[in-house]
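Undergrad: Below you will find the structure I want to go over with you.
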Amino acid sequence: MYPEPTELIVLVVDDDQEFQNIISHYLTEDLRYSVVSVDSGKKALEMLKEQSFSAIIADFQMPEMDGLELLRIIRSQGSLIPFIIFTGQGCEEIAIDALNAGADFYLVKGEDPGPQFLALRKNISEIIARRQADEALRVSESDNRKMLSLLKATLEATEDGILVETIDREIVGHNERFLRMFNLDKNQVEGKTGAEIWALVSDQIIPEPHSSIHTKPGDSNHSTLLSFKDGRVIESHARPQICEGKIMGRVWSYYDLSERVRAEDALRESEAFNRGLVNNLPDFVMIYDNSGKILYINSSGIAGLMIDKEHSNGTQIFQYILPEHHRIVKENIVRRFKGETVPPYEVRLVRCDNTMLDVMVQATLIPYQGSDVVLAVLTDITWRKEGEEALERYAQSLQMTVNALATANKKLNLLSDVTRHDILNQVHIILNYLDIVSSEQLPDEQRKMLERIEDATSIIHRQIQFTRSYQDLGVNKPEWQNVQDIIDLLTPHGIPIQNKVRGLTILADPLLPKVFENLIDNGIRHGGEITNITVTANLKDDGAISLRWTDNGVGIATNKKERIFEKGFGNNTGFGMFLIREILSLTGISIKEIGTEGEGACFEITIPRGSFILQ
């Protein structure tokens, strides 16, 4: 039985004005009815665009457009409005056409209108009630389909795996996320029970005393963590499905906590690591607020300051700082809280046993327990300060020693210069007298003796001259010297020098020019007929510079290549080549002879990296 409609608006379409009035009269005897009348099908279509009606009563035969044509047009527009054909022609063929076109019923105008319109009123009410019920059902089904579609879309959109079961544990719903979580396919779930599904997935899970899938639907809300053998951790929640106060089943939700669990584990490990690291640092680590109140101090700080561990927090940092340093510490706290960068600085701490510690303070502003605080790292530099003080004392003592040595050296040099000058004067006197005597007629034996005396005196003269050069060796600090300029300023003694060195500056003792002067002197004395000297410089594979001094003389025998640098070796004083090596070695420069006997001498001077500039 359909509920009767409470308000009915009927559109009457008839070209007979009288008949319009008759239909209106009989219908409106029922107060639920109201009637709107038009005299053509065209006007009826226009009226339908402007107003909604509960039903249409149309005459079959009308000019321009009959009732059947009007019916077809309305139905073609998708309207299901109740439509009654009411005409004076009782033709069965017309009735069939009307019903086939979608008319709800066909009524023939009779001679007794009272019962006829009463039946018409009743039929219209029933048709409208049925149509309204059908429409409501259609709308309800459409809404249900939309709701189910929305629910399914929601289930698929959630990050949780969802499983729905009845009171009898029969599975009636799930989403794809659930299938992926438990490595299942659709056929393994549909039509199964919770116990059957647990049997399928239990081998994936590390056994626990109770599993959420085994919980009965009538139990209270339940939450469990499932640990999978592949390392995943999934949290399950169970909620009863209640309809009209009655539990109809249960909804399971499964959320993958693996990433969160891994992150929490990593965070705990990191916190433990950082806590252990900070606590065991050799430096003192302190956290204090803008008033200097200590909020944290690590084990090294507690031990270093000899603080009672139970009372380490809550004390003031200033009670451990030398009073003279309070001001700078306070100023730096204020600067940090203003956002300024404070460079590391030194303060002196007073330990609980009144001994002192010097520390380097490096600090920054950090958030801690909801507030900005200072994180300070205090590095014990007591040993360094003690070392600096000892080094300063040593430096003062060394300076005094250097000054004393300089004074002594000055005196010795003065004495040496005076002594050398006096000896050379006497040597010159001896040589002059020998020259006078040599002009006299003397026996051969005496003349030979005089020549030996003259030679010995000349050697003494050269040796004394050498002491003048050796006295200055290493006295002055090394200098950067241009090799090309030094060679160009040499006195070649008639031997042309091809200077191919360009842009080479080396760090050497100021006596470096004597190196090349002695090389020329050595060539003249021992090289035979030398007609050419060539000087070149090349970069070696190891990054050093090879400076070569080459002549075209007789060369040096293989067994003498090293001996020529020994002190006293040779026919003259034996100090020339020795002095060369000594001058060069002061700045790490080496020299050796690499020439071939009979083809000329070749002295290779090697300047290490860092001791030259090549432009």
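Undergrad: Name every residue in the stretch 88-99 that is surrounded by fewer than 16 Cβ atoms within 10 Å (Cβ to Cβ), modelled with pLDDT of 75 or more and within 22 Å of V10 (Cα to Cα), in order of residue number.
TA: Matches in the stretch 88-99: L99 only.
Undergrad: Quick one: in the stretch 344-376, which of the residues that are of a type in the set (G, A, S) and in a strand (DSSP E or B) is surrounded by the fewest Cβ atoms within 10 Å (Cβ to Cβ)? Give the derivation first.
TA: Here is the first cut: in the stretch 344-376, the ones of a type in the set (G, A, S) are 363, 370-371, 376.
Remaining after also requiring in a strand (DSSP E or B): 363, 371, 376.
On the way: A363: 20, S371: 10, A376: 24.
Once the filter is applied, the top-ranked residue is S371.
Undergrad: I need the full set of residues from the stretch 311-337 which are outside any helix (DSSP H, G or I) and over 19 Å from I287 (Cβ atoms), in order please.
TA: At the first step, the residues of the stretch 311-337 found to be outside any helix (DSSP H, G or I) are 312-316, 321-322.
Across the stretch 311-337, the qualifying residue is only L322.
Undergrad: Just one of R525, R502, R581, R563 is among the basic types (K, R) and surrounded by 15 or more Cβ atoms within 10 Å (Cβ to Cβ); which is it? Steps first, answer last, please.
TA: Numbers: R525 fails: surrounded by 15 or more Cβ atoms within 10 Å (Cβ to Cβ); R502 fails: surrounded by 15 or more Cβ atoms within 10 Å (Cβ to Cβ); R563 fails: surrounded by 15 or more Cβ atoms within 10 Å (Cβ to Cβ).
The match here is R581.
Undergrad: In addition: Out of the stretch 338-381, which residues are among the β-branched types (V, I, T) and farther than 18 Å from I317 by Cβ?
TA: Here is the first cut: in the stretch 338-381, the residues among the β-branched types (V, I, T) are 341-342, 347, 350, 355, 359, 361, 364, 366, 373-374, 377, 379, 381.
Listed by number, the list holds a single entry, T341.
Undergrad: Any residue in the stretch 371-385 that is assigned by TED's automatic domain parsing to the domain that holds I321 sitting within a Cβ distance under 6 Å of a residue that is of a type in the set (G, A, S)? List the pairs, counting only those 6 or more apart or interchain.
TA: Listed pairs, sorted by first residue: V374/A363; A376/A363.
Undergrad: Something else: Out of I530, I556, I545, I need the residue that is of a type in the set (A, V, I, L, M), closer than 14 Å to H493 by Cβ and in contact with a strand residue (DSSP E or B) (Cβ under 6 Å, 6 or more places away or on another chain). Which one?
TA: Answer to the selection: I530.
Undergrad: Between a residue in the stretch 436-457 that is modelled with pLDDT of 75 or more and any residue that is part of a loop (DSSP other than H, G, I, E, B), which pairs come within a Cβ distance under 8 Å, given they are 6 or more apart or on different chains?
TA: Pairs found: L450/L442.
Undergrad: Still on this structure: Can you tell me which condition D542 does not meet? The list is (1) part of a loop (DSSP other than H, G, I, E, B); (2) among the charged types (D, E, K, R); (3) within 25 Å of F612 (Cα to Cα); (4) in contact with a helix residue (DSSP H, G or I) (Cβ under 8 Å, 6 or more places away or on another chain), and all the others hold.
TA: Unmet for D542, out of (1) part of a loop (DSSP other than H, G, I, E, B); (2) among the charged types (D, E, K, R); (3) within 25 Å of F612 (Cα to Cα); (4) in contact with a helix residue (DSSP H, G or I) (Cβ under 8 Å, 6 or more places away or on another chain): (4).
Undergrad: May I pose another question? Of the residues Q116, Q51, only one is at pLDDT below 80 and among the polar types (S, T, N, Q); which? Walk me through it before giving the result.
TA: Working: Q51 fails: at pLDDT below 80.
After ruling out the rest, the residue left standing is Q116.
Listed here are the residues, each with its yes/no results for (1) part of a helix (DSSP H, G or I); (2) closer than 24 Å to G370 by Cβ.
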position	(1), (2)
R239	no, no
I242	no, no
M248	no, no
Y254	no, no
P282	no, no
M286	no, yes
I294	no, yes
I302	yes, no
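Undergrad: Out of the residues in the stretch 30-52 that are of a type in the set (D, E) and free of Cβ contacts under 8 Å to residues at least 40 places away in the same chain, which is surrounded by the most Cβ atoms within 10 Å (Cβ to Cβ)? Break it down into steps so the answer makes sense when it comes.
TA: Residues of the stretch 30-52 that are of a type in the set (D, E), as a first pass: 30, 39, 46, 50.
Adding the requirement that they be free of Cβ contacts under 8 Å to residues at least 40 places away in the same chain leaves 39, 46, 50.
Values: D39: 17, E46: 12, E50: 6.
So, considering only residues that are of a type in the set (D, E) and free of Cβ contacts under 8 Å to residues at least 40 places away in the same chain, the one surrounded by the most Cβ atoms within 10 Å (Cβ to Cβ) is D39.
Residue-wise test of (1) at pLDDT below 85; (2) surrounded by 13 or more Cβ atoms within 10 Å (Cβ to Cβ); (3) in contact with a Ser or Thr (Cβ under 6 Å, 6 or more places away or on another chain).
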residue: D472; (1), (2), (3): yes, yes, no
residue: W480; (1), (2), (3): no, no, yes
residue: I497; (1), (2), (3): no, yes, no
residue: L511; (1), (2), (3): no, yes, no
residue: L519; (1), (2), (3): no, yes, no
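Undergrad: How about the stretch 159-193: which of its residues are surrounded by 18 or more Cβ atoms within 10 Å (Cβ to Cβ), under 17 Å from E235 (Cα atoms) and of a type outside the set (A, V, I, L, M, F, W, C)?
TA: Once the filter is applied, which keeps residues that are surrounded by 18 or more Cβ atoms within 10 Å (Cβ to Cβ), under 17 Å from E235 (Cα atoms) and of a type outside the set (A, V, I, L, M, F, W, C), the stretch 159-193 yields D160, G161, H174, N175, R177.
Undergrad: So, in the stretch 223-279, how many residues would count as being surrounded by fewer than 10 Cβ atoms within 10 Å (Cβ to Cβ) and of a type in the set (D, E, K, R)?
TA: Filtering the stretch 223-279 down to residues surrounded by fewer than 10 Cβ atoms within 10 Å (Cβ to Cβ) leaves 229-231, 243-246.
Right, trim to of a type in the set (D, E, K, R) and you get 229-230, 244, 246.
Residues that pass the stated criteria total 4.
Undergrad: Among (1) free of Cβ contacts under 8 Å to residues at least 60 places away in the same chain; (2) touching a helix residue (DSSP H, G or I) at 6+ places or on another chain (Cβ under 7 Å), where does A55 come up short?
TA: Unmet condition: (1).
Undergrad: Being over 19 Å from D358 (Cβ atoms) and hydroxyl-bearing (S, T, Y) is the filter; apply it to the stretch 284-343 and report the residue that is surrounded by the most Cβ atoms within 10 Å (Cβ to Cβ).
TA: Only one residue fits best here, namely Y288.
Undergrad: When you go through (1) hydrophobic (A, V, I, L, M, F, W, C); (2) under 26 Å from I247 (Cβ atoms); (3) modelled with pLDDT of 80 or more one by one for I213, which number turns out not to apply?
TA: All conditions pass for I213, except number (3).
Undergrad: Right, next: When you look at E4, is it modelled with pLDDT of 90 or more and either more than 26 Å from A133 (Cα to Cα) or surrounded by fewer than 21 Cβ atoms within 10 Å (Cβ to Cβ) (or both), yes or no? Explain how you work it out, then say what you get.
TA: On the way: modelled with pLDDT of 90 or more: no; either more than 26 Å from A133 (Cα to Cα) or surrounded by fewer than 21 Cβ atoms within 10 Å (Cβ to Cβ) (or both): yes.
No.
Undergrad: Separate question: Restricting to the stretch 164-198, name every residue that is aliphatic (A, V, I, L, M), part of a loop (DSSP other than H, G, I, E, B) and without any contact (Cβ under 8 Å) to a residue 24 or more places away in the chain. Break it down into steps so the answer makes sense when it comes.
TA: Residues of the stretch 164-198 aliphatic (A, V, I, L, M): 164, 167, 171-172, 179, 181, 184, 189, 195, 197.
The next check asks that each one be part of a loop (DSSP other than H, G, I, E, B); those that pass are 167, 184.
Answer for the stretch 164-198, where residues must be aliphatic (A, V, I, L, M), part of a loop (DSSP other than H, G, I, E, B) and without any contact (Cβ under 8 Å) to a residue 24 or more places away in the chain: just L184.
Undergrad: Here is a follow-up. How many residues does the stretch 497-536 contain that are free of Cβ contacts under 8 Å to residues at least 60 places away in the same chain and under 12 Å from I605 (Cα atoms)?
TA: Within the stretch 497-536, residues that are free of Cβ contacts under 8 Å to residues at least 60 places away in the same chain and under 12 Å from I605 (Cα atoms) number 3.
Undergrad: Moving on. Taking E388 and the conditions (1) touching a Pro at 6+ places or on another chain (Cβ under 7 Å); (2) assigned to a helix (DSSP H, G or I), which numbered condition does it fall short on, given that it satisfies the others?
TA: (1)
Undergrad: Residue by residue through the stretch 32-91, note down the ones that are assigned to a strand (DSSP E or B), of a type in the set (G, A, S) and under 16 Å from D16 (Cβ atoms).
TA: Of all residues in the stretch 32-91, those assigned to a strand (DSSP E or B) come to 33-38, 55-58, 83-87.
If we keep only those that are of a type in the set (G, A, S) as well, we get 34, 37, 55, 58.
Hits for the stretch 32-91 are S37, A58.
Undergrad: Report yes if N144 is at pLDDT 80 or above, more than 30 Å from E235 (Cβ to Cβ) and exposed (fewer than 15 other Cβ atoms within 10 Å of the Cβ), otherwise no.
TA: On the way: at pLDDT 80 or above: no; more than 30 Å from E235 (Cβ to Cβ): yes; exposed (fewer than 15 other Cβ atoms within 10 Å of the Cβ): yes.
Considered against the rule, which asks whether it is at pLDDT 80 or above, more than 30 Å from E235 (Cβ to Cβ) and exposed (fewer than 15 other Cβ atoms within 10 Å of the Cβ), N144 comes out as no.
The values are calculated or read from the model by the stated rules, or taken from the named source; none is laboratory data. Quick caveat: nothing in here was measured; it's all calculated off a predicted structure. All Cβ positions, glycine included, derive from the backbone under ideal geometry; neighbour counts span all protein chains shown.
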